[in-house]
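What follows is a short report on a single structure.
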Amino acid sequence: MEAVEQAEKQGNFAKRLNMVIAVTVAILASFLGICKVKDDNIVQSMQQMQANKLDHWAYYQARNIREEVAKATLVQLQLAASISTAEQKRYQPAIEAYEKIATEQRQKKDELKAQADQDQKDYDAANFRDDQFDLSDALIAIAISMLAVTALTRQWWLYFFSLGPSALGIFMGLSGFAGWAIHPDALIRLLS
C-alpha cells in the first residue's frame, strides 16, 4: 500500500511540475511572439533610416560636386575678368550668379549633412532598442530550453533556475517596449 501511495505522490508531483512548466512556456512564448513583432517593426524602421542616411549622404556628395564646379567656374570667370578691364562689366553678372550658386550649394550641403547626422542618431537609438529585444529573445530561448530539460528530468531546482533567464528576458523585452535605458553594453559587444 505504501508503494502505491509513493507512486501516486510522484505522479502528482510530475503532473504538477509539467503543468507549471507548460504554463511558464506558454507565457514566455506569448511574450516572445509579441516582442518579435515589435522587434521586426524596429528593424524595418532601421532599414528605412539607413536608406535615408545613404540618400542624404549621396545628395550631400552631389551638392559638394556642384559647389566645387561653381567655385571653379567662378575662379575662371574672375581670372578672365581681371585680364581686361574693359570686359569686367560683362563678366560681373556671371560672377555674381556663380557666387550665388556656390553659396546655395554650400547651404544645401550643410542641411543634408545635418539630416544625415540625424539619420545616424535615429538609427543608433533604434539599434539600442533592437539590442534589447534581441537579448530578450536570447534569454527567453535559453529559459525555454531549460524548461524542456526540466520537463524531462523532473527537477524542481532546474525549474527555479530557469526563472532567472525568464525574468531577465521579460525585463529586457519590457525595457524595449518602455524605452528604458537598460543596455548591458559589455554583453551586447560580446554578442555583436
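Only the coordinates and a few stated rules stand behind these numbers; no lab work does. Just so it is clear, the structure is predicted and the values come from calculations on it, not from any experiment.
Quick notes on this one:
- Gaussian network model of the chain, springs between alpha carbon atoms under 10 Å - residue of Q76, Q118, Q44 with greatest fluctuation: Q76
- Reachable aspartates and glutamates, given that their alpha-carbon falls under 13 Å from the alpha-carbon of K38 and they are not under 8 places away in the same chain: D130, D131, D134, D137
- Helix 2-83 vs. the chain, principal-axis angle (Cα, 0 to 90°, nearest 10): 0
- In order through the range 134-139: 3J(HN,Hα) via Karplus (6.51 cos²θ - 1.76 cosθ + 1.60), integer Hz, x for Gly, Pro: 4, 5, 4, 4, 5, 5
- Of all the options Y123, Y98, Y159, the one that moves most in a Gaussian network model of the chain with Cα springs shorter than 10 angstrom is Y98.
- Given K53/K108; K71/K121; K15/K36; K71/K108, the pairs whose alpha carbons are separated by over 21 Å: K71/K121; K15/K36
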